[in-house]
Structure formats: structure tokens, C-alpha cells
Amino acid sequence: MTISPARAILLRLHDVMASKTSAQAKLNAVVATVAEQLDSEVASIYLLRDGVLELYATKGLAQDAVHVTRLALGEGLTGVIAATREPLNLAEAREHPDFAFKPETGEEIFHSFAGVPIIRREVAVGVLCVQHADPRQYDDVEIEVLQTVAMVLAELIAGAGLIDDVAAAKARAQASGAVRLPGLKLVDGLARGTAVFHQPRVVIEHTVADDTEAERARVYGAFARMREQIDHMMNQAEFAGGDTAEVLETYKMFAYDEGWSRRINEAIDTGLTAEAAIERVQQRTRARMRSIADPYLRERLTDLDDLSNRLIRIVSGQLGSAARSGLRGDTILLARNLGPAELLEYDRRVLRGVVLEEGSLTAHVTIVARAMGVPVVGRVRDLRTTIADGDELLVDGSAGAVLVRPSPAMLASFAATSALKAKRQAEYAKLRDLPAVTADGTRITLMMNAGLQGDAAALDATNADGIGLFRTEFQFLVSATLPRRERQTALYRAVLDAAGTRPVVFRTVDIGGDKAVPYMRERDHEDENPAMGWRALRLALGRAGLMKVQARALLEAGAGKTLSIMFPMVSEPWEFDAAKALVEEQRDWLVRSGRPLPAQVRYGAMLEVPALAEVLDVLLPRIDFLSIGTNDLTQFLFAADRANPVLADRYDWLSPAILRFLRRVVVLCDAHATPLTVCGEMGGRPLEALALMGLGVERLSITPAAIGPIKAMVRSVDVAAVRTAMTRWLAVGNPAIRADLAALAGQANVAIG
């Protein structure tokens with residue numbers, strides 16, 4: 001029977017590792033075996049020693065170069081592999097910009113090159129590479145063989161004492177003082193506690209199997225136990241309803257995925273132990289995660305990565321985690337990734353914050369953490385090399401930063417910030433039951449933005465006037481499949497019930513473009529500029545079935561109540577007409593079916609595309625209300641991608657260009673007696689909200705956290721004076737409106753923070 005190259009190599013390596021020869025002799029045998037089985041003219045092993053990569057063994061290069069050729073991390077192709085922990089596969093090595101020629105190796109005759117990192121405990125400790133005289137691209141199967149061999153090599157060189165801990169020790173020593181680690185703000189809040197790693201990585205000591213059937217049986221048993229654990233957690237989860245239930249359903253889907261278990265079985269067939277096979281498949285998943293741009297797909301693969309860690313712990317018997325051992329005090333939890341079910345295992349009484357090496361705003365764990373009220377900072381690099389268990393940490397979710405081993409000055413500053421925040425929150429709480437009325441008697445309507453069922457609870461906490469923007473796409477983004485009508489109806493009805501007599505404006509689904517979902521892919525190319533691509537109302541009108549299902553769900557949920565529906569990214573009046581016609585078609589169907597209907601249906605549009613402003617005189621008589629989405633509108637007006645950090649601070653919301661644009665819209669809406677609301681981040685900043693009020697805007701929909709600060713500003717201002725000044729500044733195109741408005745607010749003691 002013909003066996004695969006991977007299995008043939010592992011069978012040979014089993015004997016090599018069991019032999020009584022020296023570590024050098026074993027490495028020499030490994031490169032000879034790899035070269036022979038892959039029919040490659042060169043096979044070489046570089047190991048990290050004293051902070052540099054040293055050629056330790058080779059078949060095909062000059063033997064005099066062994067222990068002589070050395071490369072810094074990032075130097076040459078080998079150095080790049082070690083630095084990035086990514087494989088390289090090149091038909092012509094010299095064409096790579098990082099190619100570096102080492103004459104003592106005699107490698108000038110070779111063209112093709114492929115190499116993979118040797119990784120142990122998530123650190124690259126060496127590189128395994130092959131070369132060939134003829135230009136050729138190595139097959140995916142050959143790269144996988146190299147990666148499998150690299151796993152075995154990690155065990156071999158660790159056992160021989162060849163792992164270099166010097167560089168890591170230096171890094172830890174250098175980090176012994178206070179360090180500030182920047183990251184991505186995922187969940188707002190401040191936290192102080194002791195660093196605890198969620199799960200020390202399981203070190204796989206044995207990679208080559210003696211009995212593949214025994215290893216397969218171990219995997220089957222581990223799968224059964226893991227699935228039992230997942231089912232138990234779902235039944236015991238504190239957040240069993242709403243969006244978190246959908247998160248955990250997706251998590252369970254991966255736990256029962258037959259494709260995943262099949263890939264692990266195939267890895268066992270090559271001769272790997274159960275633990276090594278799981279990790280081998282996990283490495284492929286991580287490689288896919290790094291290559292996928294779609295944030296939704298990346299986060300779903302993160303769930304699978306989390307389950308891989310759980311499965312390895314079960315099969316290896318190393319089940320202990322920080323959650324199981326118990327947290328002994330105020331804790332900041334550290335992890336590369338964290339699954340939602342794992343987060344739910346922790347004691348909320350002592351879990352103060354979470355820091356992740358990965359993570360995003362749409363990650364399942366972020367949704368759960370927000371429900372738990374736990375601050376989270378993601379995308380923080382070098383956790384393991386900078387932070388040790390027991391280090392004191394300060395987490396600033398508002399700034400997206402982590403302070404490691406803070407100095408006394410940092411602690412004092414943090415305490416002052418926490419006290420100030422608490423004081424301000426207490427002051428805002430006193431305003432909860434007071435109306436948002438300016439000093440000169442103008443009533444400002446303050447509504448809140450929402451997107452999850454749990455967000456509706458903030459209505460009572462803030463005493464907001466309603467929900468001015470409910471983003472219905474969140475339900476689509478956290479679902480593994482297209483949400484069924486019944487689920488959509490249940491969500492919308494729950495939100496309306498929570499709001500009571502207060503209005504709720506549902507924005508129809510805004511997916512596509514940069515909010516892609518994998519279960520809806522109809523285009524054969526990617527948008528070069530997703531924000532201005534096939535998304536929102538454009539996609540919904542192109543997928544009438546999607547729009548009809550959502551319309552039915554909204555109408556059924558609003559039975560007996562006033563239902564407000566708003567269409568996003570309307571560019572021309574005909575798009576609004578087409579969307580409204582789809583909803584009315586579903587309302588007619590409900591009438592014919594004798595189903596209960598909303599007492600009233602109000603239709604609105606979002607002004608995000610500047611072109612719509614040029615035809616507002618045509619649109620306004622057809623709509624019941626208009627909302628301005630300042631986030632998208634600003635980037636379209638300035639042709640500046642709001643996600644581009646280089647442009648983030650370049651264009652000002654208080655520039656004459658955008659304020660004049662907004663003023664025109666306010667005047668038109670006033671002339672048609674059309675209610676106008678400003679949604680988005682602009683309305684949630686006190687100085688910017690003050691400018692909007694100066695333009696005549698009297699309705700804002702903002703984040704719940706911004707309600708208090710904006711209400712404080714509203715109650716402290718004489719808005720007539722601001723409107724007079726704004727009219728004067730806009731007439732002359734004053735380029736310093738921000739500074740002048742701040743000065744005016746300061747002189748008038750307006751509470752702008």
C-alpha cells in the first residue's frame with residue numbers, strides 16, 4: 001500500500017527520535033529524510049540561538065556553512081519566515097525583495113525555495129526550508145508535509161535543550177518596568193486588576209503516534225466530552241436569551257461540524273498523535289484567519305480556534321483553566337482569543353476586564369462581554385512577552401489601552417480618572433428625570449441608538465426619549481445563517497415592548513460592502529470601496545426576498561402600535577419609493593390574511609449620500625421623517641474613508657463645508673415641516689452637538705453613554721446666542737469655527753466637558 005510523504009517521513013522520524021544518537025545527528029537525519037521524501041535537492045534547519053538564526057543542519061548546502069551561517073530575525077527569506085511565523089513558497093527566490101545571498105552556503109545554483117516556521121509555545125524557534133535548482137512552486141501537500149515535520153522538530157529540539165530562551169528572557173527583562181500597550185477599544189470602561197492568562201498553552205510533548213487507531217479513539221472520546229460540555233454550558237448560561245443565544249448556537253454548530261473532525265482524522269492518518277493532529281488543523285485554521293479580509297468570517301474561525309484549544313485540553317488531560325481554578329481577586333483576563341462560552345465560565349464578581357491579542361467589534365465574545373458589562377481591549381500585541389501572571393494591569397476601554405505594571409504616577413492618574421468618571425456619572429444620573437430643555441426654553445429630543453435586544457434596557461437607565469436608530473443588521477451579523485422571519489419578529493417585538501410608549505425607529509438591514517455576511521454572496525467580485533458599494537438599500541432592493549421577509553417581521557411585530565421604518569443609504573427618491581412599495585405590498589398581504597396590523601406606519605429615509613440633498617424638495621413630501629447619518633455622510637462629502645487612520649483626524653465635523661451642507665438640509669426640512677434627526681457620532685459629542693443645535697437641529701439620536709453629557713450641555717446653554725453666532729460664522733466661511741465655538745461655550749459656562 002502506498003503511504004503519503006508525510007506518513008513516510010513521520011515513520012522515519014519516529015526511529016530517529018528514539019535513537020541514542022546526538023541532537024546534531026538527529027537533525028542531520030531529519031534533513032536527509034525530508035530531502036529524500038520530497039525529492040528536493042536541499043533541506044535545511046535553522047534554529048534561533050542567541051537571538052539569531054543559525055544554520056544547524058543541511059542536506060545539499062555546503063557543510064562548512066553549518067554553525068557558521070547566521071541570519072537576524074527578518075533578514076533574508078529564512079529570517080522573514082521566523083519573524084512573521086508565516087510560510088514562504090517561491091518559484092524564484094531571488095525575485096523576493098527580502099532575498100539575501102550567503103556565499104558560504106553554495107546556494108547560488110538554487111532557484112525555488114519553500115520554508116515553514118518551527119513553532120513552540122507560539123514562538124518561532126527555527127525554520128525548516130527546502131530548495132531546488134529548477135524554478136518550481138511547491139505543492140500545497142508538500143508545504144503541509146513541511147509544517148507537519150516542523151511540529152515534530154519543535155519537540156525534538158526542545159528535548160535536546162536547543163530551544164533558545166535568551167531572547168524571550170531579554171524581552172521580559174526589558175518589560176520589567178511600566179509599559180503602555182495600545183489596542184482596539186471593544187467594550188468601554190475602566191478596570192484594575194491582576195493579570196491572569198485564561199489558559200496556559202498546552203505544550204505537546206509527543207507528536208509521532210505509535211498506534212494511529214488508538215489516537216483516533218482518543219479524539220472520538222474527546223469530541224464526545226467536548227460536546228457534552230458545550231451543551232451543559234448552553235443550558236446553564238446566564239444569558240440564555242436574545243443575541244447571546246444566537247452566539248452560542250453558532251459556537252455549538254462548530255462543535256458538531258463533521259468537516260472539522262474529518263480533517264483531524266486525516267492528520268492522524270499521517271502518523272500524528274491526537275494532540276498534534278488537532279494542533280496541525282488548528283494551525284491551518286489560523287493561517288486562513290490571517291488571509292481572510294472579511295471580519296465576519298474571521299470571527300467565526302476564531303470560534304473554531306477556541307474549540308480547538310478546548311479539544312486539545314480534553315484529549316491531553318490538561319483541563320485546568322483560570323475559570324476552573326477560580327479567580328482569587330480582581331482579575332484582568334488575558335487571552336489570544338476567547339470564546340463566548342469560555343467567558344461565561346468566569347465569576348463576574350471578580351472579573352474586571354479582558355485583554356485580547358485578537359478580537360473585533362463584531363466578535364461573539366465582544367457581544368457577550370458588553371452584556372456582562374466587562375471592559376475589553378483587543379488587538380493588543382506581545383501579551384506573553386510583556387505580561388506575566390500576577391502583573392498589575394490597568395485597562396482603559398475608553399482609550400483602547402492597557403497599562404502594565406503601572407508606576408505610582410500612572411496609578412494616581414488612573415484613580416483620578418476613575419473618580420472623575422464616577423463623579424460625572426453621578427451628576428448625569430441626577431439629570432435623568434429632568435427634560436432636555438435649553439436655558440432659553442428650547443426642547444431638544446434626545447433619543448438613543450441601539451442594535452441588540454439588550455440595548456433597550458438603556459432606555460430606562462438613561463430616560464431617553466426613544467430609540468432614534470435601531471440597527472437591525474446586528475442580528476444578521478451575529479447569525480450563522482439568514483435569520484428566519486420568526487426570529488426577526490421576536491426581536492422587533494421585544495424592542496417595541498421594552499420601549500413602551502416611546503418611539504422606536506427601525507432602520508432596515510444595512511449589510512453588504514464592509515458588513516458582508518457569508519450566507520449572502522451574489523456578486524462575483526469584491527467592492528474596491530465597500531462603503532460606497534453593493535450594500536444597504538441597494539442590496540436589499542436587489543434581493544427583494546430579504547426585504548420582504550424583514551418587512552413582514554416588522555409589520556407583525558408592530559401590530560397595534562406605531563411602527564417607524566427608515567431606509568438606509570437612499571441616493572434618489574425612486575429608491576425610497578421602491579422600498580416603501582415592498583413594505584406596503586406586505587401590509588396588503590396581511591390585510592388580506594386578516595392579520596393584525598400596526599396602528600400607523602411611518603416611513604423615513606437616511607440622508608447619508610450627498611446626492612439626496614439635491615432632490616430633497618422632491619423627497620420630503622413623500623416621507624414622514626428624515627435622519628442624517630453623519631458618519632457616512634462625512635466620508636462621502638470629503639471623499640475620505642473614515643476607517644483609514646491616516647485620514648481619521650484630517651477632516652473636521654465643524655468645518656464650514658459640512659456645517660453649511662447640514663444647514664441647507666435643516667432649512668429644507670423646516671420648510672416642509674418634516675421632522676429631522678441627526679444620528680451618529682457627531683451628535684454624541686458635546687461641542688459638535690452644540691454646533692448642530694446652532695444650525696437648528698433639535699432631535700439627536702446618540703449612544704446611551706452620551707445621553708447624560710449631552711443633556712448636561714443642553715440644559716446649560718442659551719441656544720439663541722449660538723444660532724446667531726453660527727449664522728455669522730457660516731456666512732463668512734470661518735475656518736476656525738471649532739475654536740470660536742469652544743471659546744463661546746467657555747465664556748457662557750456651557751457644559752461641554
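The values are calculated or read from the model by the stated rules, or taken from the named source; none is laboratory data. From a predicted model like this one, the values you see are computed outputs, not experimental measurements. Neighbour counts are summed over all protein chains in view; Cβ atoms, including those assigned to glycine, are modelled from backbone coordinates with ideal geometry.
Could you count how many residues in the stretch 487-513 are crowded, with 17+ Cβ neighbours inside 10 Å and either of a type in the set (Ser, Thr, Tyr) or at pLDDT below 65 (or both)?
Final tally of qualifying residues: 5.
Looking at the structure I just gave you, is residue 284 under 23 Å from residue 217 (Cα atoms) and either surrounded by fewer than 17 Cβ atoms within 10 Å (Cβ to Cβ) or at pLDDT below 75 (or both)? I'd like the intermediate steps shown before the answer.
Working: under 23 Å from residue 217 (Cα atoms): yes; either surrounded by fewer than 17 Cβ atoms within 10 Å (Cβ to Cβ) or at pLDDT below 75 (or both): yes.
In short, yes.
When you go through 6, 29 one by one, which is the residue that is among the small types (Gly, Ala, Ser) and under 41 Å from the mean Cα position of the chain (by Cα)?
6
Tell me which helices (runs of 4 or more DSSP H) are completely within the stretch 617-716 and hold 3 or more residues being surrounded by fewer than 16 Cβ atoms within 10 Å (Cβ to Cβ), or say none if there are none. Before the answer, list the steps.
Values: elements: 630-638, 656-671, 686-695, 704-715.
Answer list for the stretch 617-716: 656-671.
Of everything in the stretch 173-211 that's at pLDDT 75 or above, surrounded by 14 or more Cβ atoms within 10 Å (Cβ to Cβ) and part of a loop (DSSP other than H, G, I, E, B), which residue is nearest to the chain's Cα centre (by Cα)?
Initially, the stretch 173-211 is screened for residues at pLDDT 75 or above, giving 178-198, 206-211.
Now narrow it down to the ones that are surrounded by 14 or more Cβ atoms within 10 Å (Cβ to Cβ): 178-179, 181, 183-198, 206-209.
If we keep only those that are part of a loop (DSSP other than H, G, I, E, B) as well, we get 178, 183, 188-189, 198, 206-207, 209.
Values: 178: 27, 183: 12, 188: 15, 189: 18, 198: 19, 206: 34, 207: 33, 209: 37 Å.
Filtering first and then ranking leaves 183.
Select from the stretch 418-464 the residues that are touching a strand residue (DSSP E or B) at 6+ places or on another chain (Cβ under 7 Å), in a helix (DSSP H, G or I) and either loosely packed, with under 14 Cβ neighbours inside 10 Å or β-branched (Val, Ile, Thr) (or both) and list them in ascending order.
421, 462
Among the residues of the stretch 205-226, write down those that are in contact with a Leu (Cβ under 7 Å, 6 or more places away or on another chain) and either on the phi > 0 side of the Ramachandran plot or without any contact (Cβ under 8 Å) to a residue 60 or more places away in the chain (or both).
None; the set is empty.
Kindly evaluate residue 557 against the criterion of being among the small types (Gly, Ala, Ser), over 19 Å from residue 595 (Cβ atoms) and modelled with pLDDT of 70 or more.
No.
For the stretch 526-545, indicate whether the set of residues that are modelled with pLDDT of 80 or more, under 23 Å from residue 632 (Cα atoms), among the hydrophobic types (A, V, I, L, M, F, W, C) and surrounded by 22 or more Cβ atoms within 10 Å (Cβ to Cβ) is non-empty.
No: the stretch 526-545 contains no residue that is modelled with pLDDT of 80 or more, under 23 Å from residue 632 (Cα atoms), among the hydrophobic types (A, V, I, L, M, F, W, C) and surrounded by 22 or more Cβ atoms within 10 Å (Cβ to Cβ).
Could you say which residue among 667, 697 is in contact with a strand residue (DSSP E or B) (Cβ under 6 Å, 6 or more places away or on another chain), closer than 26 Å to residue 604 by Cβ and at pLDDT 95 or above? So that I can check it myself, show each step before the final result.
Details: 667 fails: in contact with a strand residue (DSSP E or B) (Cβ under 6 Å, 6 or more places away or on another chain).
Only one candidate passes the filter, namely 697.
Failed condition for residue 219, given (1) modelled with pLDDT of 80 or more; (2) touching a strand residue (DSSP E or B) at 6+ places or on another chain (Cβ under 9 Å), with all others met?
Just one mismatch for residue 219, condition (2).
Among the residues that make up the stretch 409-417, is at least one of them surrounded by 15 or more Cβ atoms within 10 Å (Cβ to Cβ), under 30 Å from residue 536 (Cβ atoms) and not aromatic (Phe, Trp, Tyr)? Step through it out loud before you land on a result.
Here is the first cut: in the stretch 409-417, the ones surrounded by 15 or more Cβ atoms within 10 Å (Cβ to Cβ) are 410-411, 414, 417.
Applying the additional criterion that residues be under 30 Å from residue 536 (Cβ atoms) yields none.
No, the stretch 409-417 has no match at all.
Among the residues of the stretch 565-579, count how many are small (Gly, Ala, Ser) and either in a helix (DSSP H, G or I) or farther than 17 Å from residue 632 by Cβ (or both).
Within the stretch 565-579, residues that are small (Gly, Ala, Ser) and either in a helix (DSSP H, G or I) or farther than 17 Å from residue 632 by Cβ (or both) number 2.
How many residues are part of a helix (DSSP H, G or I) and either crowded, with 22+ Cβ neighbours inside 10 Å or out of contact with any Leu (no Cβ under 8 Å at 6 or more places or on another chain) (or both) if we restrict to the stretch 602-615? Steps first, answer last, please.
Narrowing the stretch 602-615 to residues part of a helix (DSSP H, G or I): 610-615.
Now drop any that are not either crowded, with 22+ Cβ neighbours inside 10 Å or out of contact with any Leu (no Cβ under 8 Å at 6 or more places or on another chain) (or both), which leaves 611-612, 614-615.
Total satisfying the criteria: 4.
When you scan the stretch 114-129, do you find a residue that is crowded, with 20+ Cβ neighbours inside 10 Å, over 34 Å from the mean Cα position of the chain (by Cα) and at pLDDT below 90, even just one?
no
Please state which one of 82, 100, 91 is in the same structural domain as residue 150 (by TED's automatic domain parsing), surrounded by fewer than 17 Cβ atoms within 10 Å (Cβ to Cβ) and in contact with a Phe, Trp or Tyr (Cβ under 9 Å, 6 or more places away or on another chain). So that I can check it myself, show each step before the final result.
Details: 82 fails: surrounded by fewer than 17 Cβ atoms within 10 Å (Cβ to Cβ); 100 fails: in contact with a Phe, Trp or Tyr (Cβ under 9 Å, 6 or more places away or on another chain).
After applying the criteria, what remains is 91.
Any chance you could count how many residues in the stretch 723-744 are surrounded by fewer than 16 Cβ atoms within 10 Å (Cβ to Cβ) and not in a helix (DSSP H, G or I)?
Of the residues in that region, 3 qualify.
Give me the residue from the stretch 382-417 that is among the charged types (D, E, K, R) and assigned to a strand (DSSP E or B) and, out of that set, nearest to residue 331 (Cα to Cα).
Here the answer is 392.
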